[in-house]
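Nothing in this text is a laboratory measurement; each read-out follows from the coordinates by a stated rule. Remember, it's a predicted structure, so these values are computed and weren't measured experimentally. So basically every Cβ, Gly included, is an ideal-geometry build from the backbone, and we count neighbours across all protein chains shown.
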Amino acid sequence: MKHNLQKLLAIFAVSRRILLATWEGIQVNLLSQLLPKISNQDFSNLTIWQADLQDRTLNQVDFTNSHFAKSTFTETFGIIFSLTFSPNDELLATGGIDGEICLWRWQDNQQLLKQNGHTNIVESVAFSSDSQKLASSSRDQTVKLWDIATGQCLLTLQNPG
């Protein structure tokens with residue numbers, strides 16, 4: 001009898017976790033279907049199953065320590081190692097651990113540029129004072145200067161050592 005009761009409790013514990021994760025996913029899905037733009041929400045520490053977040057704008061949404069299973073986003077996220085805002089406060093530049101440089105018009109979450117300009121972690125990004133150029137430095141021992149308007153790399157400086 002004791003053994004059967006322990007098995008039943010174990011099954012209930014697993015079922016409870018699955019039901020709770022499914023309910024959390026349903027809540028996120030319902031909110032995303034009702035509101036195309038989700039702002040100022042705390043979804044941290046949740047296990048979220050089957051959330052459909054494609055074509056949704058997520059501003060100030062906290063997913064810290066959340067686990068996603070069978071969920072979809074508009075695009076994948078890399079790990080951002082460096083970021084900076086432009087002097088005119090219109091743009092946000094990020095540098096990733098995969099060597100990728102991204103440029104965003106942050107007010108409307110519009111990505112303007114995505115370049116795989118480096119072969120290693122981008123440690124630093126910085127705008128020119130007129131917000132027209134972007135410099136990036138990487139562990140690949142290069143510094144690159146980018147034209148914001150065209151996305152072209154204007155200059156690459158290589159560490160000679």
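General observations
- Residues satisfying the stated conditions in the stretch 30-67, i.e. hydroxyl-bearing (Ser, Thr, Tyr), in contact with a strand residue (DSSP E or B) (Cβ under 7 Å, 6 or more places away or on another chain) and farther than 19 Å from ASN109 by Cα: SER44, THR47, SER66
Yes/no matrix, rows are residues, columns are (1) in a strand (DSSP E or B); (2) on the phi < 0 side of the Ramachandran plot; (3) crowded, with 19+ Cβ neighbours inside 10 Å:
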{"site": "LEU83", "(1), (2), (3)": "yes, yes, no"}
{"site": "ASP89", "(1), (2), (3)": "no, no, no"}
{"site": "ASP98", "(1), (2), (3)": "no, yes, no"}
{"site": "HIS118", "(1), (2), (3)": "no, yes, yes"}
{"site": "SER124", "(1), (2), (3)": "yes, yes, no"}
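- If the condition is being exposed (fewer than 15 other Cβ atoms within 10 Å of the Cβ), at negative phi and either aromatic (Phe, Trp, Tyr) or not in a strand (DSSP E or B) (or both), then the stretch 129-161 contributes SER129, ASP130, GLN132, ARG139, ALA149, THR150, GLN152, ASN159, PRO160, GLY161.
- Residues that are more than 17 Å from SER128 (Cβ to Cβ), of a type in the set (S, T, N, Q) and in contact (Cβ under 8 Å) with a residue 40 or more places away in the chain, drawn from the stretch 72-111: ASN109
- Meets criteria (among the polar types (S, T, N, Q), closer than 21 Å to LYS37 by Cβ and touching an Asp or Glu at 6+ places or on another chain (Cβ under 6 Å)) for THR64: no
- Yes/no for ASP147 being free of Cβ contacts under 8 Å to residues at least 24 places away in the same chain and not aliphatic (A, V, I, L, M): yes
- Condition met for CYS153 (farther than 28 Å from THR57 by Cβ and either of a type in the set (Asp, Glu) or touching a Lys or Arg at 6+ places or on another chain (Cβ under 6 Å) (or both)): yes
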